[in-house]
1. If R0 is 35 Å, what FRET efficiency do you get for K252 and A129 from their C-beta distance, rounded to 0.05?
2. Quickly estimate the mean residue ellipticity at 222 nm for the chain, helices only: each DSSP H run with n ≥ 4 gives -39500 (n - 2.57), and the total goes over all residues, rounded to 500.
3. Run the numbers on the chain and let me know its relative contact order in percent, using alpha-carbon pairs under 8 Å that are six or more apart.
4. Please work out which option in (i) 71, 41, 38; (ii) 50, 44, 41; (iii) 63, 49, 32 gives Cα extents along the principal axes in Å calculated from these coordinates, and answer with its label.
5. When ranked by the protection proxy of mean other Cβ atoms within 10 Å per residue, highest first, what sequence do the peptides 275-281, 20-26, 217-223, 175-181 form?
6. Roughly how many nanometres apart are two label points built 7 Å out from the Cα toward the Cβ at A183 and L214?
7. Which whole-Hz couplings ³J(HN,Hα) result when phi for each residue of segment 240-247 is put into the Karplus expression 6.51 cos²θ - 1.76 cosθ + 1.60, θ = phi - 60°, listed in order with x for Gly and Pro?
8. Mean-square fluctuation check for the chain, GNM, Cα pairs under 10 Å: which of A72, A251, A182 is largest?
Amino acid sequence: MSAPQQSILVIGAGKLGTALAVALARVGHTVTVFARDLAKTAQWQPSFAGVVIDHFADAQFATAQFATAQFAIVLVCVPDRAMVVAAQAAVQGGVRGAVWLHTAGAMAGDLLADTIADAPTGSIHPLAAVDGPGDPDPLVGALYAVAGNPAAIKVAHELARQLGGQAVEIADEARSAYHTAAALVANDWVALFAVAEQVARRSDLDPALLRRGLLHLAHTSLERLANLPLTTDIVTGLTGAARRGDAETLAKHMAQLQSDPSGLAVHRAATQVLVQRLMALHLLSQDAGQRCLQALAAAD
């Protein structure tokens, strides 16, 4: 069943804003994107099926054709530090919306309340890694964190449903913890992967072949975790030296990282977390766990 068509304005042409714009157009909405950098939208133009692109420069909105228009929803999708400024500029330029939502996952749901005095405001933040208008599919199945005015939350819930996701209300005092968890999953593993590539290059493997192999390993590891019951602790899906309590192999890993202090620190800290968690769950004996922790601590 298609969504009732509504007019939606997306302010900002970054990866998330443009992916949301295309996804919303796909489910039947009339979508306009306001972009400061037309060059960016030009390179993505083939992907913008059903989306109107308009332009503003230096935070001044050229909104003559929209000055008296009433958008059903305005989505502010700019960097966190620019959310309020962008909303203020839009209002001053004549933009009006029945509901305003921002996409800053770490910011309060009522961030725009003081700027938008005549409409309910809130937030909607998808837990998904997207790469612009050509890559909206990760939005399907995502968890959407929503907050703000009850009327805005209702709209955010409906948008999440239309996009094939599930909305969950996260209180303002919990949003920083939520966003930190998101950063750990979306970003920190990339640091580990970068360290892994650097170490593995010592094997003289072709870099392209090496990356493909490591990505396959990462993908299959995540699949293993994804197949666990949701009530099962995530570390039960581990494989490898920490899960086996293999202190000797962990010591070899530490030795390989001696020339990279940052990589050593990251890997040691991550492995310590895993070993301690395995011990707490009695998936690793105290003796084996202590030997592993000693091997990690000795790498100084």
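1. Numbers: r = 33 Å, r/R0 = 0.93.
That pair, K252 with A129, gives E of 0.60.
2. Details: 11 runs with 131 residues, N = 300.
When only DSSP H runs of four or more count, the value is -13500 deg cm²/dmol.
3. Once divided by the residue count of the chain, the mean separation gives 12 percent.
4. The listed entry that was calculated here is (i).
5. Details: 275-281: 17.7, 20-26: 25.0, 217-223: 11.9, 175-181: 15.0.
Taking the mean over residues of other Cβ atoms within 10 Å, the ranking is 20-26, 275-281, 175-181, 217-223.
6. 2.3 nm
7. Here the 3J(HN,Hα) series is x, 5, 4, 5, 7, x, 8, 5 Hz.
8. Sorting by GNM fluctuation, first place goes to A251.
Since every read-out is calculated from the coordinates, none of them should be taken as a lab result. Quantities reported herein were computed from a predicted structural model and do not represent experimental measurements. Counting neighbours? That spans all protein chains shown, and the Cβs are built from the backbone with ideal geometry, glycine included.
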